[in-house]
Structures are given as C-alpha cells and as structure tokens.
Amino acid sequence: MAGKGLSRVLPYRTAVSTSAGLASAAINFLACVEVAEYAGGQSAWLALLVAGGLIVFAGANFSELTTLYPSAAAIRVWIRRGVGDGVSLFSSLIYATTVVFVIAADAFVVGHMFRATIPEVPGLVWVVALLAVVAWANSRGIKVAGAVQDTNAFVLLVTLIAFSLLVLVKAPPTVPALFRLGPGWIQAVAVGVFIFVGFEWVTPLAEEFSDARAIPRGMFTALGLIAMAFGLFSAALSTVFPNPHALSSSLIPQLMVGMRALGPLGFWWMALVTLTTAMTTFNGGLATASRFVYALARERVLPEWFARLNAKLVPINAVWFLSGISLVLAVGVYITGGYLTLINAGAGVESLMYALSSILVINLRKREPDRERGFRVWGVPWVPAVLALIFTALGIGALLTPVGRSPVPWSLGFVGGLAVLAGWYVAKVVPRLKKRAPVSRSRQPGSQI
Amino acid sequence: MTLAEALNGFVAECNQDPRLREMNRDWSRQIAIVATGHHGRRAVWLKSQEGILTSGEGPLASPDMEITAPEEMLIDIFSGLLSPTEPYNAGDLLVRGQQDDMMRLDILTLLIWGG
C-alpha cells in the first residue's frame, strides 16, 4: 500500500553502536572487578564468556519479540500482549528504574574519575554538574548525534581491546590460572550479566530501521564485541592484579589499566573514554526514559503532570523528575559508597527481565502463532523455558549477593521495596488515574503544554 | 464517519490554529497511513509542508513515516475520540519512522483534542 521504503532510516551500524554503547556504561569497569573477585581471579574472562553465552539466548528472545512487534514501547507492548496489562505496567515501571540505577551509578564513577584527574574539585560537585548539564541538554531537545554515538561506542571497544592486549602481552597470564575457578564463580556469572545489561535497549529503535531484522543482527554483533572487550579487560585486570580484592577499593580501575598500558597518555585516554561513555549513557538513558514516562502519562497510568511539554516539545517534567531521582541516588551512593548495591540490583532486575522475555516468547507463540516474525527463537518451548529458569536463578542470586562485609542483601531489599511500591501503584493508583475525566477538547497550545 | 472525513477534520483543526501552524512551520513530512479491516488494506496520507497539513487517498512512494492500524481505530484517533498512545502501547497501532515524528503527531492530537 504505502511505499516499500521510508525516506529516512537508521543504518545497521547504529543498531550495533547503540546496543554496544548503552551496555558499555562506565560502571562496567567496576563490575569487571567484582566479577574477578567472585571468580577468584583470572578466570573472570570465562565467567563473562558464560554470561555472554546466556545473554545470546536472551538476545534471541528480544530478537523475536522486536520483529514481532517493532515498537518504541517495546516491553510495554510485548508483556501486555504476552501476559497482561497489569504485569506489563508493573514490569515496565521496575525495568525503567534500572535506567535510573545505571545513570546514578555512572555519575558516581565519573565523579570519582574527575576527583582522580582534578583533585582540587570535590567529586560530588562533578556529579551534580554533569547531571545538570545532561538534564539541561535533554530539556533543550539536544541529543547526542548518531555519528557521535557510533564513533564513541566503537572507539571505546577498540580502545579497551587494544589496552587489554597491551597489558596481557606485557604480563602474559599462565594457562592454568585462566581456568582456575573460585568459590563464588556462579555469582561471578550472575554479576557478569550486568556487563551486558542494556544491550536490548536498542529495541525501542526498531521502527526507525528499514528492516526490523537489523536489530537482531546489531544486538548479536554488539554482544560479541562487548564480550571480547570486557572479557579481555577482565583478563588484563586480574593478570596485573592477581588478587582482585586489592582493586575493590579502587573506583577507577580503568584509569589504572590505562596508566599501566600507556602511562599518562593511557590514563587520560581512558579518562576521556569514561567521560564520553558516561555522557552517552546519561543522555541516551534520560531521553529514552523520559519519553517512556511521557507515554505512560499520556496513557493515564502516570499523573498528567508527567506529560507536560516545554516549547521544544520535550517532556520537561519527566526529564527533571528522572534527573532529580538520579541525582538523589547518585549522591546517596557517593556518600555511602554502596555502588555494588546498584550493580547487583541492576543485574538482578535485568536477569529477571530476561527470564520474563522467555515466557513472552512461549506465550506469544501460542497466542499469536500466525503473526509474522523476522526472527524465531530456537527450540520453543524447551530452550526458552530452561533459559527462564537459569535467569530466574541468576537474578535471585544477584539480588541475594551480600555487599562488602555486611551479610544483609541490600540489593534484594532495594528491589523488593521498589516492587512493593510499583505493585501498590498499579493496584491502587492507576485505576483512579484511568477514571479521571478527559481534559477539555478546547485546550490551546502554549509555551508550556 | 469515514477515515477520509476524520483526516479532513484533523487537517482543518490543525490549519485553522495559528500556533499549530507556527509549530509545524519547519516540520515537512509525508505520512502514509494504512487502514486495515475486513475490506483489506486501504491507504491514505497526510502531508505537512510549511505549517500547512493536507490529506488524501492512495499510497505514497517514499513516506517519512508509516502508520498501520484498524480503520475504526484510526477514525477514532483522528476525530479525537481516542488518544493514539493507548493503542500504540497495546501494539494495535504500529508505526515505522522516526520517534520524533511520532511524538509530533501525538502532540498534535493532544493539542487539538486534549488529553
């Protein structure tokens, strides 16, 4: 009916760079240290490889779902059709908050990076300044250009691979050490999932490609690149520092690797890469999350206040609200140093979401068997069913992982509290919002809408 | 009401509002709309050029955006009886194109018809 091709579409490389770029947050460097600690040293790369292998299956689920319903609303649509509206809303709210976790944790890492490079200015000042700049840029409708995002993601991955290889060539690891598994190896795999978290956040762009199958191809390529880059980085880290616990007190392990590989040049290069990576995560995360909040407000499941637009047609209240929440979390993490709680919470929520993606694939195969799919998961229902069990176990494992010396699983408490709040909101508040009277048809546009 | 009538009404509402015309002044787009139903698939279109919207029937060779939904739903959306976000988040309204354009259309319906 309509013409076959759209006049303006995104290139395949943007599917790769977006997937890899959103997964490659600055906090990943700290997660690599945590993986190495649990894995017992140099087998960290193997834990990441296993986590990556599992993630490929999760990627297959997202590939089928995104080619079935290519939509910017992504999980909101898939869960609604595959399970139901209430579960969809509950899960979407929890899932969207992981974006805030990542922004807050990245702000924390970047704050410490600045403190290491410019010690005269307190790190907290940098955290506030960076989040303010990103919120302002978002409020003005300024986005990181696709070309910048593409370049940044590829430069980061190539840099990581090059640095890690340099370190490994200078201090080659012994083969037995590379395969020696520590007692917390399963937890290492669970936390290793966090390294890949966000690879699927490219799916909301499905509508912008000429062929939705560019998303599966882009995600799988990105997963390979992420596994290679961060796997090598983990190997390099644990080779240079055989006892990774020595690094656990460092909040800038990537700068230390840079310094070790190339001296001051490497230090500053990694500092720049960390900054641009974090800014891309902030900007992309905030833009995506604020549009999602806007859409929920338009659907009347969030207060109308969140649908308010400024003169640039940006959902301004959503942008400032999310920035504020990120800032509060980032300051809290900065003061308490509890960034591992956020990492484990993020890994737990994402693992459970990957388990849910398996259930969605199985259910939608039953409910909508004839609908066109550009990608089909292998071995339905058995393979996704097993995957659902594995990711559920990994998710619970990540949430139960104690942080530091405290035996209390703070991540579980944090996510549990969030789940109770989201459940209460969906059950009690949403029905009232849905019932509210429609806004007058005579509303006029203004500078604030 | 037919889809063509609903689209004409939507276009008229946009064009008679000077602030919407100003808002759309730099927004030049061709939007293909595919209505599905028991009759098969029917193509209509919407164009924005220098702040003025026009609509018509038939396919477009190279649209900037394509919207696909059941015809009754499209009629409800373009006549202000239904917010496009609800069916979009339910997967009943499918879009191909840039998200900014999709949001612009949603904002137009918000400004004309309210929440």
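The values are calculated or read from the model by the stated rules, or taken from the named source; none is laboratory data. Small disclaimer: the values here were computed from a predicted structure and weren't measured. Cβ placement follows ideal geometry from the backbone for every residue including glycine, while neighbour counts extend to all protein chains displayed. For the accessible areas, the whole protein counts, side chains as well, though only heavy atoms, and no ligand, DNA or RNA atoms are used. Shrake-Rupley method; radii C 1.70, N 1.55, O 1.52, S 1.80 Å.
Could you work out [θ]222 nm for chain B from helices alone, using -39500 (n - 2.57) per DSSP H run of at least four and dividing by all its residues? Round to the nearest 500 deg cm²/dmol. It would help to have the intermediate numbers written out before the result.
Working: 5 runs with 47 residues, N = 115.
It comes out at -11500 deg cm²/dmol, rounded to the nearest 500.
Once you've got the GNM for chain A with C-alpha springs shorter than 10 Å, pick whichever of A:ALA135, A:ALA23, A:ALA427 has the biggest mean-square fluctuation.
Result for chain A, Cα springs under 10 Å: A:ALA427 fluctuates most.
Expressed as a whole percentage, what fraction of the accessible surface of chain A belongs to carbon and sulfur atoms when a 1.4 Å probe is rolled over the protein heavy atoms? It would help to have the intermediate numbers written out before the result.
Numbers: 12170 of 17160 Å².
Looking at chain A in its full context, I get 71 percent from C and S.
What whole-number volume per residue, in cubic angstrom, does the convex hull of the C-alpha atoms of segment A:150-247 give? Write out the running numbers ahead of the final one.
Values: hull volume 11.8 nm³, N = 98.
Measuring per residue, one finds 120 Å³ for the Cα hull of segment A:150-247.
Going by average Cβ density within 10 Å per residue, which order do the peptides A:116-122, B:2-8 take, highest to lowest? Walk me through the intermediate numbers first.
Details: A:116-122: 12.0, B:2-8: 16.9.
Put in order of decreasing packing, that is B:2-8, A:116-122.
Please compute the modelled spin-label separation between A:ALA147 and A:ARG308, points set 7 Å along Cα→Cβ, answer in nm with one decimal.
With each label placed 7 Å out from Cα toward Cβ, I get 3.7 nm.
Compute for chains B and A the buried accessible surface, both sides summed, probe 1.4 Å, and express it in Å² to the nearest 100. Intermediate values should be presented prior to the final figure.
Numbers: alone 6610 and 19160 Å², together 21830 Å².
Between B and A, the summed buried area is about 3900 Å².
Can you work out the Karplus-derived ³J(HN,Hα) for every residue in segment A:340-356? Use 6.51 cos²θ - 1.76 cosθ + 1.60 with θ = phi - 60°, whole Hz, and x for glycine or proline.
Those phi angles translate into 5, 4, 5, 4, 5, 5, x, 5, x, 4, 5, 4, 5, 5, 5, 5, 5 Hz.
With springs connecting C-alpha atoms under 10 Å apart, model chain A as a Gaussian network and identify which of A:ALA307, A:ALA419, A:ALA188 has the largest mean-square fluctuation.
Ranking A:ALA307, A:ALA419, A:ALA188 by mean-square fluctuation puts A:ALA419 first.
Rg to Rh ratio, chain B, alpha-carbon atoms and Kirkwood radius?
0.92
Looking at the protein assembly as shown, what % of its DSSP beta bridges pair antiparallel, to the nearest 5?
Antiparallel bridges: around 75 percent, rounded to the nearest 5.
Need one number: the % of Cα-Cα pairs in chain A sitting beyond the 42 Å mark.
Everything past 42 Å amounts to 12 percent.
Measure of size requested: the Rg and Dmax of segment A:190-231, with Cα atoms as the atom set and Å as the unit; please supply both.
11.5, 35
What does the accessible area of B:LEU82 come to, in Å² to the nearest 10, when a probe of 1.4 Å is used?
50
Using a 1.4 Å probe, how large is the accessible area of B:ARG19, given in Å² and rounded to the nearest 10?
Its accessible surface works out to 130 Å², give or take rounding.
Take every Cα pair under 8 Å in chain A that's 6+ residues apart, average their separations, divide by the length, and report that relative contact order as a whole percent. List each step's numbers first, then the result.
Details: 714 pairs, mean separation 134.3, N = 449.
Relative contact order comes out at 30 percent.
Roll a 1.4 angstrom probe over the protein heavy atoms and tell me the percent of accessible area of segment B:3-113 that is carbon or sulfur.
For segment B:3-113, the apolar C and S fraction of the accessible surface comes to 49 percent.
In bins 5 Å wide, starting from 0, what share of all Cα pairs of segment A:269-325 does each bin hold, as a percent?
Cα pair-distance distribution for segment A:269-325, in percent: 4, 21, 23, 20, 11, 9, 6, 4, 2, 0.
Considering protein heavy atoms only and a 1.4 Å probe radius, which residues within segment A:190-217 exhibit an accessible-area decrease of no less than 30 Å² in the full assembly relative to the chain by itself?
Residues losing area: A:GLU207, A:GLU208.
Would you mind getting the accessible area per residue of the protein assembly as shown, heavy atoms of the protein chains only, 1.4 Å probe, in Å²?
I get 39 Å² per residue for this part.
Got a sec? What order do A:PHE179, A:PHE101 fall in by accessible area at 1.4 Å, biggest, i.e. largest, first?
Sorted by accessible area, descending: A:PHE179, A:PHE101.
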